[in-house]
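Each remark here refers to the structure printed beneath this line.
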């Protein structure tokens, strides 16, 4: 297989681009480095394309390795034909390779192997040849034996054993399995029933349910899997059995009256006992893998948006970790994230020391000139928010507040990293510090937390953890490298995500900084233990030094391009100090011909464009383009909400069937996918919104007892009425494909909008 050609076709890019990227990956270059500093080489492949390329490269290389192993194994057995070799060599999936290898694979002791041990293989061959001229029992009688270990009592026992051998042979034919797998996927259904119909659970939508395998969406697969794992649901694949048996009979049976009935029964046994269970396992595994890949992709997109939230810089922030019995923990941090003070107050149940608590908070605000209160959204958040809002108005404080998603704060506060960072603080104090810092620099704080715990995924604990971890780590790496880090302030936990930097080297960088003082130029990185020339090449462009020896060190211009950047400035009538003076705004207009200039400088056109863009806005932060967080002074209660009310909110999480939006009450509201646009069908919520987006929403319905808020992004009620949600508008097409008599059609349920227990799914 030509791997480069295959990847190029799949990703719809040029073969030369694939070959260049593969060469760089094999040389040890990281994805962020290749995406940013090797655009000319790869034809400007972005980080997402490169990660997809890398993933397929690993799969296809593993596939080729497996083919080599399989071919060697079959050849060793002396059974490798040219036809079989060609089929294995041409196989494009692991599944097909394993199908072709199945007949030659060493098997555990089966009914067929036992029958072979009894010497019944010649009888099996006789029956399968379908050339009998008399009753098969006559031939079978020849195989009756009382020999120890090979006992065959009757002719019928001999026939049964022979049919076991034939059944296994049938089940091992790759073409048969491929057909059955494909037809089951195209025409089969996933049928779900309740283990106990009277049991109450969040899976009641699936107690009597079926849906076509070809159309069932990923989030339902994951929900059904979890319901099965928790012993509420029974799940099976319903295949077009009659059609499959007809296909097998057509391909196997000949016109022989003496063997036909035996073989018909044998075919049914081969399918029901050997093929169908294996195919069901494969299909369910494939559906789960596809669903997980989709959920991981959504998780990754959500995480990226969360990590790239714009920082609220220059503010003294009071972090407020709300609680009831143990009290609310407070932490004041200065604009650099340094902790100035901590405090515990008891304004909530059962203490209700509201007045005393307000007085303590007022003292902290006055003493440290607090500009912003960051209140976590966990237990007692609603009560804390009310106290904060009342206090701002009663005391006329020049302070705003923001509700911060505290997911993962408890994980961080109990971690080894938090203990090292704040050895004298308890877990609650560390949590309050984390909540404060999250608004100052979300990226720097969130990288300290396991991405799975950040709270923007779905079913994350049910997935392939290695695949999830690899994807999320890639997202964090890309996000950190897009922004870059300040070499003189970045923590080790942030530095370890920089291209080419390992955990050990990240710690060494911090230790070098603490021992030798601040870095004044990028070249000093080469003095850090275990940071060699290759690592320097990979990381240098993403490290920033403000106020250092060379103004270029404060930009994303790579040291390998310093000479070109300096020459460019000279040719255009500037010097190196022009970078910090702000003189270079509009530099792009001074370059008349980029191709000619690039040639003169000895660099690529794309590299020149990146240099110019960076020199115009040195050290620009891509997060500045993201929506700013909504700062509040007033609090809303669910009872204040009425249908038709238009509010501004922040998207907190995006899932397959909608988005959760924070509108300033304790409970996030759900915008169902059917309520995201009045002008077009939305295939996936991510096509419309991302985590962190500020959106206008209209309240559709408020259910206070169940703590549910239904929202719409279609602000005109008449337009929205035309798209009024039912159980799941996005799946009407799927339901029509299920055919007449589908359980789903007979018992409609509120699929997707039954939010009872949904929080369980989300985290």
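Read-outs throughout are calculated quantities, based only on the coordinates presented, and are distinct from any laboratory measurement. A quick note: this is a predicted structure, and the numbers were derived from the prediction, not measured. For neighbour counting, all protein chains shown are included, and Cβ atoms are generated from backbone atoms with ideal geometry for every residue, glycine included.
Taking packing as the residue-averaged number of other Cβ atoms within 10 angstrom, the listed peptides 30-42, 621-633, 283-295 run from highest to lowest as 30-42, 283-295, 621-633.
Shape summary: the stretch 489-614 maps onto an equivalent ellipsoid whose semi-axes, from the alpha-carbon gyration tensor, are 30, 15, 11 Å in decreasing order. Projected label points at residue 95 and residue 701, each 7 Å from Cα along the beta carbon direction, are separated by 3.9 nanometres. A Förster radius of 51 Å combined with the Cβ-Cβ distance from residue 514 to residue 44 puts the calculated FRET efficiency at roughly 0.85. To the nearest 10 degrees, how steeply does helix 427-440 sit against the main Cα axis of the chain, on a 0 to 90 scale? Here the helix axis deviates by roughly 80 degrees.
Residues of the stretch 548-576 falling in the label zone of residue 583, defined by backbone nitrogen less than 20 Å from a point 7 Å along Cα to beta-carbon, are 548-557, 562-576. Placing R0 at 45 angstrom, the Cβ-Cβ distance between residue 529 and residue 293 gives a FRET efficiency of 0.70 after rounding to 0.05. In this simple spin-label approximation, residue 182 and residue 363 carry label points 7 Å from Cα along the Cα→Cβ vector, and these lie 7.8 nm apart. Taking the Cα atoms of the stretch 103-143, the ratio Rg/Rh between the radius of gyration and the Kirkwood radius comes to 1.06. Stretching the chain fully between residue 571 and residue 214 yields a gain of 122.4 nm (0.36 nm per residue, less the alpha carbon separation). With r as the distance between the Cβ atoms of residue 131 and residue 470 and R0 = 60 Å, compute the FRET efficiency 1/(1 + (r/R0)^6) and round to 0.05. So, using R0 = 60 Å, E works out to roughly 0.60. Take the Cα of residue 313, step 7 Å along the line toward its Cβ, and report every residue of the stretch 408-443 whose backbone nitrogen sits under 18 Å from that point. Those under the cut-off are 437-443. Each peptide in 672-678, 521-527 receives the mean, over its residues, of other Cβ atoms within 10 Å, and ordering these scores from highest gives 672-678, 521-527. The three principal axes of the Cα atoms in the stretch 3-104 give end-to-end lengths of 51, 24, 18 Å, sorted in falling order. Maximal additional length on extending the residue 613-residue 14 stretch stands at 212.9 nm, based on 0.36 nm per residue less the C-alpha distance.
For the stretch 317-440, the relative contact order works out to 32 percent when only alpha carbon pairs closer than 8 Å and six or more residues apart are counted.
In the calculated pair-distance distribution of the stretch 56-104, the portion above 19 angstrom amounts to 16 percent of the Cα-Cα pairs.
Between the stretch 664-723 and the stretch 40-93, what's the alpha-carbon centroid distance in Å? Taking the Cα centre of each part, the stretch 664-723 and the stretch 40-93 sit 45 Å apart. Between the alpha-carbon centres of the stretch 584-625 and the stretch 175-231 there is a gap of 54 Å. Principal-axis analysis of the Cα atoms of the chain puts helix 605-616 at an angle of about 30° to the longest axis. Using a simple spin-label model with pseudo-atoms 7 Å out from Cα toward Cβ, residue 591 and residue 503 lie 4.1 nm apart.
I want to make sure I understand the PRE zone here: with the label point 7 angstrom from the Cα of residue 394 toward its beta carbon, which residues in the stretch 307-329 have backbone N atoms less than 20 Å away? What the label zone holds, given the 20 Å backbone N cut-off, is 318-325, 327-329. Put simply, when 237-246, 573-582 are sorted by average Cβ atoms within 10 angstrom per residue, most first, you get 237-246, 573-582. Average 1/r across all pairs of distinct alpha carbons in the chain, invert it, and you get the Kirkwood radius: 30.9 Å. Cβ crowding within 10 Å, taken as a proxy for footprinting-reagent exposure, orders 466, 105 from fewest neighbours to most as 466, 105. When shorter helices are ignored and each DSSP H run of at least 4 residues is given -39500 (n - 2.57), the per-residue value for the chain at 222 nm works out to -14000 deg cm²/dmol.
So, how do all the Cα-to-Cα distances of the stretch 317-440 break down into 5 Å bins, in percent, from 0 on up? Final binned percentages: 2, 13, 24, 26, 21, 10, 4, 1, 0.
Roughly what angle does helix 155-171 make with the longest principal axis of the chain, taking Cα atoms, 0 to 90 degrees, to the nearest 10? The angle comes out at about 40 degrees. If the chain linking residue 75 and residue 285 were pulled fully straight, counting 0.36 nm for each residue of separation and taking away their Cα-Cα distance, it would gain 72.5 nm.
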